[in-house]
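Everything below concerns the one structure shown next.
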Amino acid sequence: MQRLDGGSAIPPHLAGGIVALGNFDGFHLGHQAVVGEAVARARAEGRPALVATFDPHPVRHFRPDAAPFRLTTLDQRERLFAAAGADAMVVFGFDGALAGLDAEAFVAERLVGALRVGGVVTGEDFTFGRHKGGNVAVLRAAGIAHGFSTDAVGAVTLNGDTVSSTAIRTHLKNGEVREAARLLTRPYTIAGVVQHGDKVGRTIGYPTANIDMGNYLRPAYGIYAVRGRLDDGQVLNGAANLGIRPQFSPPKELLEPYFFDFDGDLYGRTIEVSLIEYLRPEAKFDGLAALIEQMDADCARAREVLSGTHS
């Protein structure tokens with residue numbers, strides 16, 4: 001799996017490929033349908049299959065003060081695209097120069113000039129170019145003019161509801177992580193480097209791995225049953241606090257997983273934490289004894305959830 005700069009000339013062996021084009025943040029069922037169509041067409045025609053994404057997200061460029069909303073990092077998307085069968089990921093760095101290109105210039109300079117596309121597959125609601133001047137109809141006309149195929153994939157629904165990143169974000173903000181996972185086809189997963197904290201957890205028997213949330217969307221603050229994957233592939237069950245730790249001062253926003261039956265050193269390591277079930281909101285307790293009692297109950301509940309024995 002190669003990662004390519006969308007502003008540079010494509011390597012010859014990847015020229016003429018079928019390119020799935022979109023943001024693909026979250027890589028949910030709808031995104032998977034677009035990429036799946038591109039991969040299927042590429043295989044049928046003996047062409048490379050590529051997925052083109054934008055980073056940073058265009059919203060971040062136009063609204064730099066927007067609250068964090070990302071569902072996946074670039075590294076996570078790369079792994080997901082590879083698992084879906086893509087040969088390469090193309091990253092369009094979204095900056096002022098790209099934002100200033102009109103739809104026709106984007107096609108001519110980036111798709112035809114740099115990528116030398118043989119075909120493009122998008123979602124039917126995809127827009128591109130300055131002021132969102134391009135859509136599927138514009139892309140199809142450009143394909144005829146420049147000699148590449150175009151396909152648009154319709155919206156994907158699940159139980160009558162349209163699958164979208166917006167719907168997933170709403171579920172997560174409501175603590176509905178199982179509903180979000182159905183649309184994503186996997187649990188919402190936060191990756192980060194374990195950092196040193198104030199080490200209060202270890203003094204009360206619950207050492208945690210502190211992870212900064214970065215640009216990820218903030219789900220509902222609270223306690224979660226989680227599953228962690230370490231950088232060596234080891235998978236651990238646990239419970240995590242996601243939020244500002246109201247019991248301690250000053251408030252500090254963190255994801256703090258406590259992994260059951262694990263006492264290794266995680267500092268400086270990159271781990272992934274999947275949110276499996278929301279257990280309860282954050283709360284402030286009357287002293288550490290009450291907090292520890294609640295944490296005992298939370299961990300017992302998380303073990304039930306992760307063993308599949310919960311009701």
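Given the alternatives (i) 18.5, 59; (ii) 24.2, 85; (iii) 21.9, 72, Rg and Dmax of the Cα atoms in Å as computed for this entry is given by (iii). Computed over segment 71-147, the range of Cα coordinates on each principal axis works out to 33, 28, 24 Å, biggest value leading. With the convex hull drawn around the C-alpha atoms of segment 59-192, the volume per residue stands at 141 Å³. With 15 Å as the cut-off, how large is the P(r) tail for segment 249-311, expressed as percent of Cα-Cα pairs? In whole percent, the share of Cα-Cα pairs in segment 249-311 beyond 15 Å is 64.
The spacing between segment 88-127 and segment 134-161, judged by their C-alpha centroids, is 13 Å. Stokes-Einstein at 10 °C, 1.306 mPa s, Kirkwood radius from Cα pairs: D for segment 102-162 in µm² s⁻¹? Here the translational diffusion coefficient equals 131 µm²/s. Pairs of Lys residues in the chain that lie 8 or more places apart, or on two chains, and have C-alpha atoms under 20 angstrom apart add up to 4.
Give me the orientation-averaged projected area of the Cα convex hull of segment 119-219, in nm², one decimal.
Numbers: hull surface 41.5 nm².
In nm², the orientation-averaged hull projection of segment 119-219 is 10.4.
Ligands, DNA and RNA excluded, the heavy atoms of Thr72 present near 10 Å² of accessible surface to a 1.4 Å solvent probe.
The values are calculated or read from the model by the stated rules, or taken from the named source; none is laboratory data. If you're wondering where the values come from, they're calculated on a predicted model, not measured in any experiment. Side chains included, ligands, DNA and RNA excluded: accessible areas come from the protein's heavy atoms. Shrake-Rupley method; radii C 1.70, N 1.55, O 1.52, S 1.80 Å.
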